[in-house]
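Some notes on the structure that comes next.
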Amino acid sequence: MTIHKEGYKIIAICTLVFGVINIVFFYFLSYEIPVITWIIFILSLGFLLFIISFFRIPDRALTIREDAIIAPADGKIVAIEEVRADEYFTDRRIQVSIFMSPLNVHVNRNPISGEVVYSQYHKGKYLVAWHPKSSSENERHTVVYRKDGKEILVKQIAGAVAKRIINYLQVGEKTEQTAEMGFIRFGSRVDLLLPLDAKINVKIGDKPKGGVSVIASW
């Protein structure tokens, strides 16, 4: 396991705050109220470990398949439905939505190899990630990949807690399947818009692993 580069600064700040808080409490209260001192230590240590865990990149055997669309994120499948696209596409598509809790790995990965033909950031609200309107009204970043004449859309969506979406892709860039495409801090959602003829390999409630699980094939 390694730590994602997006976490270096935050982890350093949290570690400094952890050290200062506990030095102060142990210096001034350890003799008079030792119980409070230990409670503060345990709570602050738990928070620091959570922050470190949030930015983890676990060692995984990533899935590379030309006929497959791989999960771009860890999480839980909360929606599989036919929708009319509201960005880039104008036709009907199959939407697969993955909800990411703060406990999930938050690295986002390319679902296919191909070319980036669209990459757009949108400012927006911070509705809870499972809200039906979060896909169109929340802060989000949309990317469209093209491969062999077929196109899929991936939308990183901020939630009520997530306050920063990071996306590394630019239009014209060639992507490799399962390579990093971005990161979302502290709970969020990722939507995929797939062609209607895509064969869906997941169901509501499934918990895919980013870069590993096959969401669909074509």
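The values are calculated or read from the model by the stated rules, or taken from the named source; none is laboratory data. Only a predicted model underlies this, so the values are computations on that prediction, with no experimental measurement involved. In this analysis, Cβ positions are derived from the backbone assuming ideal geometry, glycine residues included, and neighbour counts consider all displayed protein chains. The accessibility values were calculated without ligands, DNA or RNA, using every heavy atom of the protein model including side chains. Shrake-Rupley method; radii C 1.70, N 1.55, O 1.52, S 1.80 Å.
Keeping to the stretch 135-181, report how many residues are at pLDDT 95 or above, of a type in the set (Val, Ile, Thr), out of contact with any Gly (no Cβ under 7 Å at 6 or more places or on another chain) and surrounded by 19 or more Cβ atoms within 10 Å (Cβ to Cβ).
5
Of the numbered conditions (1) of a type outside the set (Val, Ile, Thr); (2) within 24 Å of Gly205 (Cβ to Cβ); (3) open to solvent by 70 Å² or more (accessible area, probe 1.4 Å), Pro58 satisfies every one except a single condition; which is it?
(3)
Six or more apart or on different chains, Cβ atoms under 8 Å: show the pairs whose first residue is in the stretch 59-74 and closer than 18 Å to Leu193 by Cα and touching a residue at least 60 places away in the same chain (Cβ under 8 Å) and whose second is charged (D, E, K, R) and assigned to a loop (DSSP other than H, G, I, E, B).
Ala71/Lys209; Asp74/Lys207; Asp74/Lys209
What single numbered condition from (1) under 20 Å from Leu196 (Cα atoms); (2) polar (S, T, N, Q); (3) open to solvent by less than 40 Å² (accessible area, probe 1.4 Å) fails to hold for Ser119?
It fails just one condition, (1).
For Ala73, indicate whether it is in a loop (DSSP other than H, G, I, E, B) and either among the charged types (D, E, K, R) or open to solvent by 30 Å² or more (accessible area, probe 1.4 Å) (or both). Even if it seems obvious, please write down each step before you answer.
Working: in a loop (DSSP other than H, G, I, E, B): yes; either among the charged types (D, E, K, R) or open to solvent by 30 Å² or more (accessible area, probe 1.4 Å) (or both): no.
When the stated conditions are applied, Ala73 does not pass them.
Kindly check whether there is at least one residue in the stretch 83-103 that is of a type in the set (S, T, N, Q), touching a helix residue (DSSP H, G or I) at 6+ places or on another chain (Cβ under 9 Å), surrounded by 15 or more Cβ atoms within 10 Å (Cβ to Cβ) and not in a helix (DSSP H, G or I). Spell out how you get there, then give the answer.
Filtering the stretch 83-103 for residues of a type in the set (S, T, N, Q) gives 90, 95, 97, 101.
Those still in the list that are touching a helix residue (DSSP H, G or I) at 6+ places or on another chain (Cβ under 9 Å) too: 95, 97.
This time we only want the ones that are surrounded by 15 or more Cβ atoms within 10 Å (Cβ to Cβ), so: 95, 97.
Narrowing further to those that are not in a helix (DSSP H, G or I): 95, 97.
There is at least one residue in the stretch 83-103 that is of a type in the set (S, T, N, Q), touching a helix residue (DSSP H, G or I) at 6+ places or on another chain (Cβ under 9 Å), surrounded by 15 or more Cβ atoms within 10 Å (Cβ to Cβ) and not in a helix (DSSP H, G or I).
Quick one: which of Ile64, Ile21, Ile3 is within 20 Å of the chain's Cα centre (by Cα) and surrounded by 13 or more Cβ atoms within 10 Å (Cβ to Cβ)? Show your work before the answer.
On the way: Ile64 fails: surrounded by 13 or more Cβ atoms within 10 Å (Cβ to Cβ); Ile21 fails: within 20 Å of the chain's Cα centre (by Cα).
After ruling out the rest, the residue left standing is Ile3.
Suppose we filter Ile13, Ile51 for residues that are farther than 30 Å from Val116 by Cα, without any contact (Cβ under 8 Å) to a residue 60 or more places away in the chain and open to solvent by less than 40 Å² (accessible area, probe 1.4 Å); which single one remains?
Numbers: Ile13 fails: open to solvent by less than 40 Å² (accessible area, probe 1.4 Å).
Exactly one residue qualifies, and that residue is Ile51.
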